[in-house]
Amino acid sequence: MFDLLIAGGRVIDPASGTDRVMDVGFAGGKVLAMAADLPRGNAAQVVDATGKLVVPGLIDLHTHVYWGGTSLGVNADGIGPRSGTTTFIDAGSAGAGNILGFRRHVIEQSQVRILAFLNISFAGIFAFSRRVMMGECGDLRLCDAREAVAAAREHLPVISGIKVRVGRHAGDSSGLAPLNIALEAADHLALPVMAHLDDPPPSRAELVPKLRRGDILTHCFRGFPNAPVNGAGRVQDEIMAARARGVVFDIGHGMGSLSFDTARQMLKNGFLPDVISSDIHVLSAEGPAYDNLVTLSKFLCLGLSLHDVLRMGTTAPAQAIARPELGCLAEGGVGDAAVLELRQGRFDYVDAAGEVLAGDQRLFSHGIAMGGRWIAA
């Protein structure tokens, strides 16, 4: 007996290489069976996915979903079904001083799965709006490795790593000091750092060589300054060296961190991102990012294949947070899935600089299976 049967869809699972039309049956929160023509009479609920894509539940590696607890937080439960996202990774909204509230009042109450990178700043991201914007790493008294390590250990089941925001806006004149503190804390925990870099100082050339294998450089296709390509369109040496040693490159679209011009140059050089994420927050949810499904669609229109885009939104982020049980569809596995439709047409997309890309395709969500339970978009 199935609790849910998603029937007749094109099942694409980048983790296993599966790409064929079949049914997916769920029971007890798990994937019970995947095969052609599973008996519909044995299902409590049937979702007809004929002509649609059935993929692992998408994982958005860079989000801000401490809804109600921070000024930048959005409601993951409201965004998940319409974006095909079953797992949201919060990128440092909370620090050691407020991770308990985030866990108790948002993470544990949510229908969709929420994990978190703990901000190295004790207060997390505390001043973020159109009128008020203050970087949490500008005052180094807030950045304490001991507090971060203790909080991460206490809340380890939901912690994916340490987040640090570096640059003139997020860190004022603190330079690389917040990154150095974050790296020490992460090293003590054997967890990755996710590093945000905005405008200099510091420079990209100063920050990137410090990142270790498994650390994540988010906003990796940002525009000038601190872009990953030089004026001649060549990928910067420190970026190539970072990829060679295993640094993870994450899009982190947001309000100001995806440049179509940078993306075209990077892709022309054969340098693809490892992960595509939205950096959705209260401002970027109104555009230009909107959500991760829109962000994935932009990369389809920039020339990536459907399989590459889906891998960058499922398997790759699962690997980045060392949660291989997520981002895949397999019998006996976690009962998360998304039913998507790839539509052809004219779809205009906008990047952080305001450039408009006339796209010819876009992914839409019809809903998600979350632990084997259907939630319609």
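Okay, helix-only estimate at 222 nm for the chain: each DSSP H run of n ≥ 4 adds -39500 (n - 2.57), divide by all residues, round to 500 deg cm²/dmol; what do you get?
For the chain, the value works out to -6000 deg cm²/dmol.
In whole Å, what are the Cα extents of the range 86-244 along the three principal axes, biggest one first?
49, 35, 30
Among 53-64, 358-369, 171-182, how do they line up by average Cβ neighbours within 10 Å per residue, starting with the highest?
So the order, starting with the most tightly packed, is 53-64, 171-182, 358-369.
Fewest Cβ neighbours within 10 Å first, please rank 268, 30, 298 accordingly.
268, 30, 298
Would you report the distance distribution of C-alpha pairs in the range 168-215 as whole percents per 5 angstrom bin, up to the bin with the largest distance?
Answer for the range 168-215: a P(r) of 5, 23, 32, 23, 12, 5 percent.
Using alpha-carbon positions, what is the distance between the centroids of the range 245-277 and the range 3-24, in Å?
If you average the Cα positions of each part, the centres end up 29 Å apart.
Report, ordered by chain and residue number, the lysines lying within cross-link reach of residue 30, taken as a straight Cα distance under 30 Å and ignoring same-chain residues fewer than 8 apart.
In chain and number order, the partners are 52.
Over the chain, what is the relative contact order in whole percent, taking alpha-carbon pairs under 8 Å and six or more residues apart?
Here the relative contact order equals 20 percent.
Place a point 7 Å from the Cα of residue 213 along the Cα-to-Cβ direction; which residues of the range 165-198 have their backbone N under 17 Å from it?
187-188, 190-193
Charges on Cβ only, +1 for Lys and Arg, -1 for Asp and Glu, centred on the Cα centroid of the range 297-377; of 353, 371, 317, which one is farthest towards the dipole's positive end?
Value: 371.
If you place +1 on the Cβ of every Lys and Arg, -1 on the Cβ of every Asp and Glu, and leave all else neutral, what size is the dipole of the chain about its Cα centre, to the nearest 20 Debye?
140
What is the extension gain from residue 105 to residue 129, computed as 0.36 nm multiplied by their sequence separation minus the C-alpha to C-alpha distance, in nm to one decimal?
Full extension from residue 105 to residue 129 adds 6.5 nm.
If you wrap the range 41-81's Cα atoms in a convex hull and average its projection over all directions, what's the area in nm²?
4.9
Which log10 I(q)/I(0) values does the range 171-315 give at q = 0.13 Å⁻¹ under the Debye formula, counting every alpha carbon as one identical point scatterer?
Relative scattering, expressed as log10 I(q)/I(0), comes to -0.56.
For a quick protection proxy, order the peptides 301-312, 114-125, 247-258, 154-165 by their average other-Cβ count within 10 Å, most packed first.
114-125, 247-258, 154-165, 301-312
Every read-out reported here was derived from the displayed coordinates using simple, explicitly stated rules and does not represent laboratory data. All values reported here derive from a predicted model rather than from experimental measurement. For neighbour counting, all protein chains shown are included, and Cβ atoms are generated from backbone atoms with ideal geometry for every residue, glycine included.
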